[in-house]
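In what follows, a single structure is set out as structure tokens and then discussed.
The values are calculated or read from the model by the stated rules, or taken from the named source; none is laboratory data. None of these values were measured; they are calculated from a predicted model. Virtual Cβ from ideal backbone geometry, glycine too; neighbours counted across all protein chains shown.
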Amino acid sequence: MPDVRIQGLVKHFDADGAPVEVLTGVDLELSRGDAMAITGPSGAGKSTLLHLIGGLDQPTAGTIEIGGRSIHDLPEVELAHFRNRTVGFVFQDSHLLPQYTVLENVLVPTLAFSDAGSGGEPRAEELLDRVGLSHRLTHRPAQLSGGERQRVAVARALINGPSLLLCDEPTGSLDRAASDAVADLLFELHAEENNILVIVTHDLALAERFPRRCELENGRCSAR
């Protein structure tokens, strides 16, 4: 059984009282260790698909099963817990909290629920060392470069050991050198953590590095 199964996924938005069809029937299956890039023109629904997979939005129709569970049937509290434990998110903007240190930012997801357990700080320090920022633990986001902030965001996304890592244009705001460094890091950590890596990108050079591709067009996914 695949770890992620998407069947007949449809998403419509309301625009001035008229439905706008974004996704019209997406079918996908992903298993542990898979790495997929989602590509397509602007407005094709790439980020929408990613948000639906991560439980950040509700579909109009269709199902998303992760680990055999239909995530959009979960009560809101259970869904929030599921996102926190199973899904890691990396966005184009790192969304770091400016008042907190690098270490504190990485630890934020461990504070969401009381059953998080101990061991968060050693794991955070290990991840920050892995992304090359062990010398920046007490720095704040304003003291970091864009590439460094994005590496902190990657560490934060992995702090709870998610089985699914979702990245929405994670290199979109970086120069080529920083973009390549972050991409290399994502692949290295994906291999080490053996998670499912799904990335939305306009960067075709980055997309070509992925063993699987999903090109969105006319609301459907053409998988390779």
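Going through region 210-224 one residue at a time, which ones are out of contact with any helix residue (DSSP H, G or I) (no Cβ under 7 Å at 6 or more places or on another chain) and of a type outside the set (A, V, I, L, M, F, W, C)?
Of all residues in region 210-224, those out of contact with any helix residue (DSSP H, G or I) (no Cβ under 7 Å at 6 or more places or on another chain) come to 210-212, 214-215, 217-224.
The answer is Pro211, Arg212, Glu215, Glu217, Asn218, Gly219, Arg220, Ser222, Arg224.
For Ser179, all conditions in the list (1) touching a residue at least 12 places away in the same chain (Cβ under 8 Å); (2) of a type in the set (S, T, N, Q); (3) outside any helix (DSSP H, G or I); (4) surrounded by fewer than 22 Cβ atoms within 10 Å (Cβ to Cβ) hold save one; what is the number of the exception?
Every listed condition holds for Ser179 apart from (3).
Could you tell me how many of the residues in region 64-82 are farther than 18 Å from Ala223 by Cα, in contact (Cβ under 8 Å) with a residue 40 or more places away in the chain and within 19 Å of the chain's Cα centre (by Cα)?
Going through region 64-82, the residues farther than 18 Å from Ala223 by Cα turn out to be 65-82.
With in contact (Cβ under 8 Å) with a residue 40 or more places away in the chain added as a condition, the list becomes 65-68.
Now narrow it down to the ones that are within 19 Å of the chain's Cα centre (by Cα): 65-67.
Residues flagged as farther than 18 Å from Ala223 by Cα, in contact (Cβ under 8 Å) with a residue 40 or more places away in the chain and within 19 Å of the chain's Cα centre (by Cα) within region 64-82 amount to 3.
Residues that are in contact with a Ser or Thr (Cβ under 6 Å, 6 or more places away or on another chain) and not polar (S, T, N, Q): find the strands (runs of 3 or more DSSP E) completely inside region 1-94 holding 3 or more of those.
Working: elements: 4-15, 18-30, 35-39, 61-66, 87-90.
Passing ranges, in order: 4-15.
Kindly indicate whether any position in region 114-127 is out of contact with any Cys (no Cβ under 7 Å at 6 or more places or on another chain), modelled with pLDDT of 95 or more, surrounded by 15 or more Cβ atoms within 10 Å (Cβ to Cβ) and assigned to a loop (DSSP other than H, G, I, E, B).
Taking every residue of region 114-127 in turn, none turns out to be out of contact with any Cys (no Cβ under 7 Å at 6 or more places or on another chain), modelled with pLDDT of 95 or more, surrounded by 15 or more Cβ atoms within 10 Å (Cβ to Cβ) and assigned to a loop (DSSP other than H, G, I, E, B).
Before we move on, is Arg130 surrounded by 14 or more Cβ atoms within 10 Å (Cβ to Cβ), more than 21 Å from Pro98 (Cβ to Cβ), in contact (Cβ under 8 Å) with a residue 40 or more places away in the chain and among the basic types (Lys, Arg)?
In short, yes.
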